[in-house]
Amino acid sequence: MTARQDVGTDVLVPAELLDFLPCATPAAWVDWALDNEELLLIDHAQCEKKAASTAMSLMYRYVDKYELLIRMSQLAREEILHFEQVVKIMRSRGIEYRHLSASRYADGLRQLVRAEDPERLVDILIVGALIEARSCERFACLIPHLDDELAKFYRGLVKSEGRHFEDYLMLARQIADNNIDARIEEFRSREKELVTQADVAFRFHSGVPA
């Protein structure tokens, strides 16, 4: 199969989401993913679990922020459901769920997070928006090359990940004391480095193959 750098034309990805990302996923990553379907699904399951865990941790830490509590509660439920769905697909394909080492992507973004609130929370929400946006875009990149079962599943995820991106970005702007566009640019610059640089091991958020 020939990988495409752009998203599938049959998938509706919000323009504001694509504009938020600093670059498109490299075609080399798409080829890498298609050659590693087992790792793709295992790491996808881990990403869904981590996303639910992040949402829950924000709920426990910031109990005074009503809008955040509601949005993160909804997000956590959706991410756990997605985790269950990925694991079921893996089981039907004879893929054993096992631990994989994390990619440097999320940690690379979190290295920019400031130590004190409210700046810390704003940065965490920006990171969440980038992760969800990149996930949505990568699902869309993969869909034209997948079998019917996976394509249908990922097409549904494009919609939910797009909502999650919007929630994270809305909360970041709502909580910030001032304009955060410059801060977002710092994270976008780091995100571009992480998805375009070489990686040794394939992961859902890895860069390109070394």
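Length gain on complete extension for the stretch Lys49 to Arg120, per 0.36 nm per residue less the alpha carbon to alpha carbon distance?
23.3 nm
For Asp199, which sequence-distant residues (separation of 5 or more, or a different chain) have an amide H within less than 5 Å of its own amide H, given hydrogens modelled in the peptide plane?
Correct list: Gly207, Val208, Ala210.
Roughly how many nanometres apart are two label points built 7 Å out from the Cα toward the Cβ at Leu12 and Gln85?
1.7 nm
Given the -39500 (n - 2.57) contribution per DSSP H run of 4+ residues, what per-residue ellipticity at 222 nm results for the chain, rounded to the nearest 500 deg cm²/dmol? Write down the numbers at each step before the final one.
On the way: 8 runs with 141 residues, N = 210.
Value at 222 nm, helices only, nearest 500: -22500 deg cm²/dmol.
Please work out the Cα center distance from segment 161-210 to segment 83-145, rounded to the nearest Å.
When both Cα centres are located, 10 Å separates them.
Find the eigenvalues of the gyration tensor of the Cα atoms of segment 42-133, then list the square roots of 5 times those eigenvalues as equivalent ellipsoid semi-axes, largest first, in whole angstrom.
Each semi-axis is √(5λ); the values are 27, 17, 9 Å.
Separation between the Val200 and Ala102 pseudo-spin-labels, each 7 Å from Cα along Cα→Cβ, expressed in nm?
That separation, rounded to one decimal, is 1.9 nm.
Viscosity 1.567 mPa s, temperature 4 °C: give me the Stokes-Einstein translational D for the chain in µm²/s, with Rh taken as the Kirkwood radius over C-alpha pairs.
75 µm²/s
Rounded to the nearest 10 degrees, what's the angle between the helix 148-175 long axis and the longest principal axis of the chain, both from Cα atoms, 0 to 90?
10 degrees
Which entries in Lys50/Lys88; Lys65/Lys152; Lys152/Lys192; Lys65/Lys88; Lys50/Lys192 show an alpha-carbon gap greater than 25 Å?
Flagged as over cut-off: Lys65/Lys152; Lys152/Lys192; Lys65/Lys88.
Enumerate by residue number the GluC sites (Glu not before Pro) in segment 26-129 meeting two conditions: DSSP loop (anything except H, G, I, E, B), and at most 13 other Cβ atoms within 10 Å of the site's Cβ.
Listed in order of number, the matching sites are Glu96, Glu116.
Where a number appears in this text, it was derived from the coordinates with a stated rule and is not lab data. Every value quoted in this text rests on a predicted model; they were computed, and no experiment measured them. No Cβ is skipped: glycine too gets one built from the backbone with ideal geometry, and neighbour counts run over all protein chains shown.
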